[in-house]
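Reviewing the structure listed below.
The values are calculated or read from the model by the stated rules, or taken from the named source; none is laboratory data. These numbers were taken from a predicted model, which means no experiment stands behind them. Neighbour counts are summed over all protein chains in view; Cβ atoms, including those assigned to glycine, are modelled from backbone coordinates with ideal geometry.
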Amino acid sequence: MLKKEIQIAVDKGESLPLMEEFYTIQGEGYHTGTAAYFIRVGGCDVGCHWCDVKESWNAELHPPTDVDIIVTNAAKYAKTIVITGGEPLTWDMTPITTKLKASGLNVHIETSGAYPVTGAWDWFCLSPKKNKLPVQGAYDIAHELKVIIHNKHDFIFAEEQAAKVNDDAILFLQPEWSKKEQMTPLIVDYVMNNPKWRVSLQTHKYLNIP
């Protein structure tokens, strides 16, 4: 059980359940191949069965960390910061994004969009999940729609999501890692037949980096 003052700070977004932070190469989506500092926040109830960071789901496993400490660490490494999870919009992202941007940093998010949007974002990567769909505000501001393809039906889901997102969002289809041999050829064919989409691969896993 968190002390009352710590719980208040978490509720306000002044502290966040920090799972890990690391400097690496962005492996997916529009910014693939670029250097970025990742901040992974614990806490998620979306519950994707193929999630590769299930240890992020329980926020209580990850110590509440003052956002000033997180920002100070991030500013040492990179100009681009990616906040991911877990589901980062579980928490109020306003304090951390305000401070990151005040430090002159570009602030990106990777989110399912299942919760109301908080924070100020230079890049909003929306990766919707069937079991907890995005709020309308996430569709409205998404710069990038990234749909994970685990089976053939996911192409139908992808089109449903593309119809909801704003007209400027860049559309990506990405094979779920454990099904990449089966799904990647189908994605390639689909993109060739539907060129509004692009292929996204988890290149960091091929490169064996975080």
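Miscellaneous remarks
- Residue in the stretch 33-51 that is surrounded by fewer than 17 Cβ atoms within 10 Å (Cβ to Cβ), of a type in the set (Asp, Glu) and under 28 Å from ASN131 (Cβ atoms) present: yes
- Hey, GLY13 touching a Ser or Thr at 6+ places or on another chain (Cβ under 7 Å) and at pLDDT 95 or above or not: no
- Number of residues in the stretch 22-38 that are out of contact with any helix residue (DSSP H, G or I) (no Cβ under 6 Å at 6 or more places or on another chain) and within 24 Å of ASP66 (Cα to Cα): the value is 5.
Residues checked against (1) farther than 20 Å from THR32 by Cβ; (2) among the aromatic types (Phe, Trp, Tyr); (3) outside any helix (DSSP H, G or I); (4) touching an Asp or Glu at 6+ places or on another chain (Cβ under 9 Å):
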site	(1), (2), (3), (4)
GLU160	yes, no, no, no
LYS164	yes, no, yes, no
LYS180	no, no, no, no
MET183	no, no, no, yes
MET192	no, no, no, no
PRO195	no, no, yes, no
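- Screening HIS62 on (1) in contact with a Gly (Cβ under 9 Å, 6 or more places away or on another chain); (2) at pLDDT 90 or above; (3) over 11 Å from LEU16 (Cβ atoms) shows it passes everything except condition (3).
- Remark: pairs (first residue in the stretch 181-206, touching a residue at least 40 places away in the same chain (Cβ under 8 Å) and within 14 Å of ALA158 (Cα to Cα); second residue surrounded by fewer than 16 Cβ atoms within 10 Å (Cβ to Cβ) and β-branched (Val, Ile, Thr); Cβ separation under 8 Å; 6+ apart in sequence or on different chains) = SER200/THR32.
- The residues on offer are ALA114, ALA142, ALA162, and the sole one that is surrounded by fewer than 19 Cβ atoms within 10 Å (Cβ to Cβ) and either small (Gly, Ala, Ser) or at pLDDT below 95 (or both) is ALA162.
- With respect to the conditions (1) modelled with pLDDT under 95; (2) of a type in the set (Phe, Trp, Tyr); (3) surrounded by 14 or more Cβ atoms within 10 Å (Cβ to Cβ), TYR206 falls short on a single one, namely (3).
- Test result for VAL147, within 14 Å of PRO128 (Cβ to Cβ), assigned to a loop (DSSP other than H, G, I, E, B) and either touching a His at 6+ places or on another chain (Cβ under 6 Å) or modelled with pLDDT of 95 or more (or both): no
- Residue satisfying all of: in the stretch 60-87; within 15 Å of LYS12 (Cβ to Cβ) and either touching a residue at least 40 places away in the same chain (Cβ under 8 Å) or of a type in the set (A, V, I, L, M) (or both); surrounded by the fewest Cβ atoms within 10 Å (Cβ to Cβ) among these: ASP66
- When each of CYS44, CYS51 is tested for being at pLDDT below 95 and touching a strand residue (DSSP E or B) at 6+ places or on another chain (Cβ under 7 Å), the lone residue that passes is CYS44.
- Check on PHE155, part of a helix (DSSP H, G or I), out of contact with any His (no Cβ under 9 Å at 6 or more places or on another chain), of a type in the set (A, V, I, L, M, F, W, C) and surrounded by 15 or more Cβ atoms within 10 Å (Cβ to Cβ): yes
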